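Below is one structure; the comments refer to it alone.
Just so it is clear, none of the values below were taken in a lab; they were calculated from the coordinates. Fair warning: this is a prediction, and the values are worked out from it, not measured in the lab. Positions of Cβ are backbone-derived with ideal geometry, glycine not excepted, and every protein chain shown enters the neighbour counts.
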Amino acid sequence: MKFAIVSKGDERSNKIQATIKQYLTDFDLDYDEASPDLVISIGGDGTFLEAFHQYIDCLHYTSFIGVHTGHLGFYADWTSDEVEKLIIEIAKTPFQVVEYPLLEVVIRDEDGGEEDRFLALNESTIKTAEGSVVFDVEIKGSHFETFRGDGLCVSTPSGSTAYNKALGGGIIHPSLEAFQLTEMASINNRMFRTIGSPLILPKHHTCMLRPIGSKKTFLIAVDHFAKTYSHVKSIQFRVAEEQIRFARFRPFPFWDRVRDSFVTDDNV
Ligand code: NAP
Ligand code: MN
């Protein structure tokens, strides 16, 4: 089996990276950054997002696992104290794989030129540097509302505990193939009216944003990176065909991670 390691880059993470690399190589596993079967992320959830995007072209055969060197993460859910146990588990392969849904984002421009397609593990957000965003929101080809406000957050189930949660969105179990739309400070008056509640859409339902008026420049973020797009014709969201694969070596139920991160990790 081939493996690769992505480190946050701090001293502690780099040290763990060196240990894992040494031990797994001693166990006759191959270190291969080009086409790894297993990607080990060491750092935080942010590091895991980077590892995911670095290996986004290998999703159909690569599995991911995260070790955290700071606080407990949703993706980085192995502690640095458990590294030896993890090395032994990895060396014993094959491992069990659990898949989580991803969000597909397609951005089209007015010239009808090339479209940009992205996959988000957490979410995509649509904002602007100038005032508020204004667009028609279409669901399954029907006009739903005209949105005016700071922006929209469109998240995956596993991203529902990140930005989405801060916006008052619900937490969705990642076994549900869905995505969620949450508003950022929508303007509601006689001219503009939005639903106000987070919306949860199932697989095969497409949500399309169509800019109206002259405001067609947006700051579009996908996970931890963002880019400004001008002359935007539409932004389309749906559950992606691709999924992310997690290597699972022990049970750590999603709701336990939610509790340990946000409520209490005192289990008595
Ligand atoms: P960051 O500013 O370090 O991320 C903000 C926090 O979100 C960090 O504590 C990060 O954990 C945590 N996080 C990331 N994914 C998560 C998930 N699926 N569930 C729960 N918490 C999660 O930036 P970053 O590390 O590059 O992460 C980018 C993410 O930040 C974006 O995808 C977005 O979800 C989130 N974000 C949140 C807000 C907000 O809550 N108001 C605003 C902007 C962006 P680590 O410390 O382990 O990295
Ligand atoms: Mn971070």
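Relative to the dominant Cα principal axis of the chain, helix 11-26 is inclined by about 60°. Extension gain for ALA34-GLU11 works out to 5.9 nm (0.36 nm per residue, less the C-alpha to C-alpha distance).
For segment 102-241, state the semi-axes of the equivalent ellipsoid (square roots of 5 times the eigenvalues of the alpha-carbon gyration tensor), sorted largest first and rounded to whole angstrom. Kindly include the intermediate steps, with their values, before the conclusion.
On the way: eigenvalues 88, 63, 40 Å².
The answer is 21, 18, 14 Å, longest axis first.
Computed from label points 7 Å out along Cα-Cβ, the spacing between ALA129 and THR93 is 4.5 nm. For GLY169, no residue whose modelled amide H falls within less than 5 Å of its own remains once neighbours fewer than 5 places apart on the same chain are excluded. Compute the acute angle (0 to 90°) between the alpha-carbon long axis of helix 45-54 and the principal axis of greatest extent of the alpha-carbon atoms of the chain; round to the nearest 10°. Approximately 90 degrees, to the nearest ten.
The DSSP beta bridges internal to the chain are antiparallel in roughly 75% of cases. Extension gain, ARG248 to ILE139: 0.36 nm times the residue separation minus the Cα-Cα distance gives 35.7 nm. Ellipsoid semi-axes for segment 22-116, based on the Cα gyration tensor and the rule √(5λ), read 31, 16, 11 Å when sorted largest first.
Consider all pairwise Cα distances in the chain and report the whole-number % of them above 25 Å.
48
Considering only GLU84, GLU33, GLU114, the mean-square fluctuation computed in a Gaussian network model of the chain, springs between alpha carbons under 10 angstrom, is largest for GLU114. Under 17 Å of direct C-alpha separation, and excluding same-chain neighbours fewer than eight residues apart, LYS15 reaches these lysines: LYS85.
Please find the FRET efficiency linking ARG210 to ILE56, where r is the Cβ-Cβ separation and R0 is fixed at 30 Å, and quote it to the nearest 0.05.
Numbers: r = 27 Å, r/R0 = 0.90.
Efficiency computed from Cβ-Cβ geometry: 0.65.
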